[in-house]
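The values are calculated or read from the model by the stated rules, or taken from the named source; none is laboratory data. Keep in mind that this is a model prediction, so the values were computed, not measured. Neighbour counts run over all protein chains shown; Cβ positions are idealised from the backbone, glycine included.
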Amino acid sequence: MTTHSAFKLPTRPVGRVRDGVAEAHLIVVGNEKGGAGKSTVAMHLAVALMRMGKRVGAIDLDLRQRSFSRYLGNRNAWCEKHGVDLPRVSEIAVAPSAQRDLDIAEMEETERFSHALSDLKARTDFIVIDAPGADTLYSRLAHSAADTIVTPVNDSFVDFDLLAEIDPDTFQVGRPSVYSEMVWECRKRKAALERRSIDWVVMRNRVSMLDARNKRRVGEGLKMLSQRIGFRLAPGFAERVIYRELFPLGLTLLDLTESGSTLPFTMSHVAARQELRDLLIVLKLSGLEGQAIPF
């Protein structure tokens, strides 16, 4: 697998901590396409881990939209308004460099990201990073430092094209696309620099409740591609209106039974919680071994 010539990765590990300090497990929720539900997945993973008694840090690397950061801000505002103490993450914001020289700007952004990561690693158990839907230095830094990469993709060949080309006549999977190449290079770099691997998990997200030929073809294509480039497949979240309703409140499916919640808790939400449980089970995150999932 080869990459485009402009591809750059750090030449040394970023986010180092002092010797003897246990490092947090870094989860990067990323792809290079918007609309796949990355922020929703990041938020639910963060709250799920806190509900399991873990300290969670967060970084939003989508420096323009900052959907994950706004989601977290909405949660803080909801807690203050209703006088409820929900589990909340430790968030660190990173800013883009204002330097006009590209090399200087990249050095500055690398140091900012490394400092933020070191800070969170030393005082949390897990860090959840929401990566932007574009190829940026911050995104590459996050992917190269990840312990687990979670890539949500919709049941669409538009999203599938993010991972690999596909023949329009036979629907056979062709060569990997740019995002897959980037993850491949990040995995090689982490193995060379740190002697550790990155677990890459692709989850089918915003899945339609209806069976359809396109849905089946996407599923078959993902299975073929997973065997070729080495990611694991995880069950995703079904398309539900509740996710759009939760964002402005800063709540997740795990918060609907809290005092002050005005959203009714239905059997559909029970099923959605099970989807989150299933995702956590498949992720097999370090530090959760043998621990019961309390929701």
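Answer yes or no as to whether residue 181 is among the acidic types (Asp, Glu), in a strand (DSSP E or B) and surrounded by fewer than 21 Cβ atoms within 10 Å (Cβ to Cβ).
In short, no.
Only one residue in 116, 131, 105, 145 is touching a Cys at 6+ places or on another chain (Cβ under 9 Å), of a type in the set (A, V, I, L, M, F, W, C) and under 19 Å from residue 63 (Cβ atoms). Which one?
Every option except 145 fails the conditions.
Regarding segment 199-209, can at least one residue be identified that is assigned to a loop (DSSP other than H, G, I, E, B), on the phi > 0 side of the Ramachandran plot and crowded, with 19+ Cβ neighbours inside 10 Å?
yes
Suppose we keep only residues that are under 22 Å from residue 287 (Cβ atoms) and under 14 Å from the mean Cα position of the chain (by Cα) within segment 103-143. Which one would you say is surrounded by the fewest Cβ atoms within 10 Å (Cβ to Cβ)?
Looking at residues that are under 22 Å from residue 287 (Cβ atoms) and under 14 Å from the mean Cα position of the chain (by Cα), I get 143.
In segment 86-102, what count of residues is obtained for those that are closer than 19 Å to residue 29 by Cα and touching a Cys at 6+ places or on another chain (Cβ under 8 Å)?
1
Yes or no, residue by residue, for (1) under 19 Å from residue 54 (Cβ atoms); (2) in contact (Cβ under 8 Å) with a residue 60 or more places away in the chain:
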position	(1), (2)
245	no, no
252	yes, yes
256	no, no
270	no, no
273	yes, no
277	yes, no
283	yes, yes
295	yes, yes
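Scan segment 45-67 residue by residue and report those that are surrounded by fewer than 22 Cβ atoms within 10 Å (Cβ to Cβ) and over 12 Å from residue 133 (Cβ atoms).
Matches in segment 45-67: 50, 51, 52, 53, 54, 55, 66.
If I ask for residues that are in a helix (DSSP H, G or I), under 24 Å from residue 79 (Cβ atoms) and either modelled with pLDDT under 90 or among the acidic types (Asp, Glu) (or both), which ones from segment 245-269 would you list?
Residues satisfying the conditions are 245, 255, 269.
Which of the following residues is part of a loop (DSSP other than H, G, I, E, B), in contact (Cβ under 8 Å) with a residue 12 or more places away in the chain and either small (Gly, Ala, Ser) or touching a His at 6+ places or on another chain (Cβ under 9 Å) (or both): 134, 122?
134
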